[in-house]
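The values are calculated or read from the model by the stated rules, or taken from the named source; none is laboratory data. Computed from a predicted model, the values in this text were never measured in an experiment. Glycine gets a Cβ as well: all are built from the backbone with ideal geometry, and neighbour counts include every protein chain shown. When the accessible area is computed, the model is the full protein with side chains, heavy atoms only, and any ligands, DNA or RNA have been set aside. Shrake-Rupley method; radii C 1.70, N 1.55, O 1.52, S 1.80 Å.
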Amino acid sequence: MFTRIVKMSFQEDKVDQFLANFDKNKALIRGFSGCHQLKLLRDKTSPNVFFTYSIWESEEHLEAYRNSDLFKGVWANTKILFNDKPAAWSVDVLFES
């Protein structure tokens, strides 16, 4: 398993639109094969900056999601709201307490 973190920065007047789209799709994303956990985090100092934190069974499961109609629809409705380029990281847990 591994963790995927995506940082997204939105136009301030588009935050509610993003949150509505995320709320509409979060159960579908979480229910996608290989997704073990999904969190949406908000930056404490920049309320228009969000992070998704998801745990995936394998790279293949994440790629299957990224190639799915679900992802394509969610991403199409999300990327038009950005005010900066998103950034993503795939990371392995080395220590957890």
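Some points to look at:
- Members of region 61-87 found to be surrounded by fewer than 11 Cβ atoms within 10 Å (Cβ to Cβ) and farther than 17 Å from ASN25 by Cα, listed by number: LYS85
- For ILE29, the stated conditions hold: it is in contact with a Leu (Cβ under 7 Å, 6 or more places away or on another chain) and among the aliphatic types (A, V, I, L, M).
- Selection count, region 21-55, where residues are more than 11 Å from the chain's Cα centre (by Cα), open to solvent by less than 60 Å² (accessible area, probe 1.4 Å) and within 21 Å of ASP84 (Cβ to Cβ): 5
- Listed by position, the strands (runs of 3 or more DSSP E) enclosed by region 30-97 that each have at least 1 residues that are touching a residue at least 12 places away in the same chain (Cβ under 8 Å) and basic (Lys, Arg) are 35-42.
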